[in-house]
Amino acid sequence: MTIKFHVSNDLLLSYSSGTLDEASSLLVATHLALCPHCRARNALADSLGGHLLDSLDATPVSPDMIDVVLARVRNQASNGASRSGDRPRAVADAIIPEPLRTYLGGDIDELPWKRLAPRIQQISIATLDHRSRARLLRFQSDLKVPTHGHNGRELTLVLAGSLCDRDAVLLRGDIAETDERTEHQPHAGPGEDCICLAVTDAPLRFKSMFARLLQPLFGI
Ligand code: ZN
Ligand code: ZN
């Protein structure tokens with residue numbers, strides 16, 4: 001398995017600096033558990049973050065400077081990932097890796113799934129800071145999510161099956177990130193159920209009247 005869609009630089013830096021909300025941090029940390037490439041990027045962001053903070057008093061950090069730093073992060077990360085090899089076996093064997101598994105209290109077949117809509121099940125994930133919402137979603141194969149826009153950021157991490165989103169096919173470990181400018185209609189691929197972790201910091205904007213009417217019931 002090769003992960004193609006990674007944590008964005010903005011997200012990784014917010015995570016590394018500790019300013020990211022809890023649900024998004026959970027998603028990033030779960031991606032890191034699956035992705036040696038981003039573990040290396042994160043280690044470097046952690047070490048560079050300290051240097052950046054040290055230099056802030058003396059010299060304002062320009063956007064150009066940030067680009068230079070991020071280019072270094074990317075170079076280092078690709079070197080680090082090629083050295084670090086495959087994932088540990090314990091992580092590879094569980095469908096739901098840590099730290100998400102601790103939040104949920106079990107692996108996929110031990111969870112109290114609730115019906116969200118026909119062919120969609122979910123589990124809401126409690127977080128303490130209430131800045132965003134996390135849910136585990138289970139789409140039956142070939143399910144089309146109703147077309148929607150966003151009032152904020154939406155992060156989706158695929159854990160099983162496949163999800164087709166805007167001409168891309170996301171597999172286990174891949175992340176899709178959308179914002180207010182994006183309207184889309186993701187759909188689950190054929191074969192096994194698609195299981196993904198979704199984090200939103202604002203309600204979605206559904207196009208169809210039917211979906212809008214149901215929205216308050218589901219809190220999405
Ligand atoms: Zn990654
Ligand atoms: Zn969306």
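Only the coordinates and a few stated rules stand behind these numbers; no lab work does. Everything numeric here is computed off the predicted structure, so don't read it as measured data. All Cβ positions, glycine included, derive from the backbone under ideal geometry; neighbour counts span all protein chains shown.
What to note about this one:
- Listed by chain and number, the lysines whose C-alpha is less than 16 Å from the C-alpha of Lys144, apart from same-chain residues fewer than 8 away, are Lys207.
- Summing Lys and Arg as +1 and Asp and Glu as -1 over all other residues whose Cβ lies under 9 Å from the Cβ of Gln122 gives a net charge of +4.
- Interchain or long-range residues, amide H under 5 Å from Thr182's placed H: His150
- In a DSSP loop and with at most 14 other Cβ atoms within 10 Å, the trypsin sites (Lys or Arg not before Pro) in region 122-193 are Arg131, Arg166, Arg181.
- Peptides ranked, highest mean first, by Cβ atoms within 10 Å: ranges 12-24, 109-121, 32-44: 32-44, 12-24, 109-121
- When only alpha carbons are used to place a centre, region 109-174 and region 11-42 end up 18 Å from one another.
- Extending 7 Å from Cα along the Cβ direction at Gln215 and again at Ala202 yields two label points whose distance is 1.2 nm.
- Put simply, the amide H of Leu159, placed in the peptide plane, has neighbours under 5 Å in Gly173, Ile195, Cys196, Leu197, leaving out anything fewer than 5 places away on its chain.
- At an R0 of 25 angstrom, the distance between the Cβ atoms of Asn151 and Ser124 translates into a FRET efficiency of 0.85.
- Computed E for Glu98/Ala168 - FRET, C-beta separation, R0 22 angstrom, nearest 0.05: 0.25
- Seen from Tyr103, the other residues with C-beta closer than 15 Å to its C-beta sum to a net charge of -3, counting Lys and Arg as +1 and Asp and Glu as -1.
- If you take all other residues with their beta carbon under 15 Å from the beta carbon of Glu22, and give Lys and Arg +1 and Asp and Glu -1, the sum is +1.
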